[in-house]
Amino acid sequence: MSKKISKKQVNISAGRGKKDVWYKLDLSATVYPTLQRRDFSSVYRLSVLLKEPVDPVLLQKALDRTLPRFPTYKVAIRKGLFWRYLEPNSRPGPFVQEDIKNPCMPMPFKGNNRYLIRIYYYGCRISLEAHHCLGDGTGGMSLLQTLTAVYLELSGHIITPSGFVLKLDEEPDPEELEDAYMRYATAKVKPPRPSEKTYRVRGTKEPFYTLNIVDGIMSVSEVMAVSKKYKATITEYLNAVLLYALLQKQNEDFHLRLKPVRIAMPVNLRRFFPSKTLRNFITMVYPSIDPRLGEYSFDEIVTQVHNFMRYYINQKFLCGDITTNAATKHNFLIRIVPLFIKDLVVRTFYTRVQDKNSSAGLTNMGALTVPEDMKPYIDRFDIYMGQPFSSRTNCAIISFEDILTVNFASSIAETDVERHFFRRLVQDGIHVKIESNRADSVH
């Protein structure tokens, strides 16, 4: 199924640092700038917690050395007549900053010397925030781990690049820069999207520039043991816990009629289609429970999620899904429509249809690996999906060694969903340590 990258593409990609090099937005990335508002940007955060305090001067040196190795992150976004694109950014920066209380704040395209990434430090923590139009969590994690490895080397440690950590003296592989969607959108059918409106969490919208964070820190071995008890994977079990929490929240709300509860979950397509791309290469699946069919026990929720994952998360279904998405780029009429009209149509569709297709978001980066000689210096990793487009909560999961963190990011004051989620884990015998940037935390 894989195709070779053409020589023309190789020559374009290898020319990093040349002013005439520019990159089309990948298939997913075309949507994110359209949704940009004064109070919203599609920004995610990845963090690594080291075992010693971070030296900001060394971190800046590490960033200056690292970023040129990632040409699709050292860019500014530009607007053409029909499409947006990324061009190399040679302006000073980006500059490391001391961390802030409310992460993933809106990222104006003309701010920060037009860079679409931010690097923060606080205590032992290094954080990367990136606009989603640059890439997904896999690309961002490669940048963060490579930056961390260079920082540790400047601190006097020897790190052997492998996995997410790239060699700085190597030219980027053309596959790192490709729009992998267009290579693998080869299905003969375009499956329809789920369209039924779902339950929406209602709450008190927080003031502008406020993002509420609630972290749950637990043992991987404990979560795995409980998951096995339900004959599920960790991802399936935690999806079921979030669906359970949303159902509990809906039952507490005043409602004239029940609605389906559905989670929007990104799937890393690199697991199914061989690609080294550091850009976006994910698609969404939507595990759900419909309480109108009757009351579900927690065991039944886990079973439903387990069967859903087995049925939908495979190469054939995912190929059909990305083919549906890619149809817009292949359509000649859509390609010649001016950008401002495309923006209006996409924004209207997303606001009225797409955003109402799910009750919450959940992403799981899975078990992270680092080079063996980096392990002694790292405590854990965190991931945040960032500001939800509408007033709800998003959930992100990541693990390293025996530490698993579940990170909630919410733009509403109430913590009912988070409270039901962590209570369910505790009921199943999992020990959870809670951290938060809010005073009241989760009770």
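Each value in this text was obtained by applying a stated rule to the coordinates, not by laboratory testing. The model shown is predicted, which means the values in this text are computed figures rather than measured ones. A quick note on method: Cβ atoms are made from the backbone with ideal geometry, for glycine too, and the neighbour counts reach across all protein chains shown.
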With labels modelled as points extended 7 Å from the Cα through the Cβ direction, what inter-label distance (nm, one decimal) is found for Trp22 paired with Glu372? 4.7
Restraint check, Lys188/Lys329; Lys167/Lys276; Lys79/Lys356; Lys197/Lys316, Cα-Cα greater than 18 Å: Lys79/Lys356; Lys197/Lys316
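Taking the Cα centre as origin and putting +1 on Lys and Arg beta-carbons and -1 on Asp and Glu beta-carbons, what dipole magnitude results for the chain, to the nearest 20 debye?
On the way: 62 positive and 46 negative charges, 427 e Å.
Its charge dipole is roughly 2060 debye.
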Footprinting exposure proxy for Lys276, Lys249, Lys101, Lys79 (fewest neighbouring C-beta atoms within 10 Å first): Lys101, Lys79, Lys276, Lys249
Once the Cα gyration tensor of region 7-184 is found, what semi-axes does its equivalent ellipsoid get, as square roots of 5 times the eigenvalues, in whole Å, sorted largest first? 26, 21, 14
Subtract the Cα-Cα distance of Glu87 and Tyr311 from 0.36 nm times their separation in residues, and report this length gain in nm to one decimal. 76.6 nm
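Can you put Val417, Val353 in order, fewest other beta carbons within 10 Å first?
Details: Val417 25, Val353 12.
Fewest-to-most Cβ neighbours within 10 Å comes out as Val353, Val417.
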For region 212-436: rounded, prolate or oblate by the Cα gyration tensor [a/c cutoff 1.5]: oblate
Largest to smallest principal axis extent of the C-alpha atoms in region 375-430, angstrom: 39, 29, 12
Residue-averaged [θ]222 nm for the chain, counting only DSSP H segments that reach four residues, each worth -39500 (n - 2.57): -9500 deg cm²/dmol
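If Rh is defined by the Kirkwood formula over all Cα pairs and Rg also comes from Cα, what ratio Rg/Rh do you get for the chain?
Values: Rg = 21.4 Å, Rh = 22.6 Å.
My calculation of the ratio gives 0.94.
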Can you bin region 365-406 into rounded, prolate or oblate? Criterion: square roots of the alpha carbon gyration tensor eigenvalues sorted a ≥ b ≥ c, rounded for a/c under 1.5, prolate for a/b above b/c, oblate for the rest. prolate
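Between Phe332 and Glu252, how high is the FRET efficiency from 1/(1 + (r/R0)^6) when r is the Cβ-Cβ distance and R₀ = 45 Å? Nearest 0.05.
Numbers: r = 50 Å, r/R0 = 1.12.
Rounded to the nearest 0.05, the efficiency is 0.35.
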Residue farthest toward the positive end of the dipole of the chain, with Cβ of Lys/Arg at +1 and Asp/Glu at -1: which of Thr351, Leu362, Ala245? Thr351
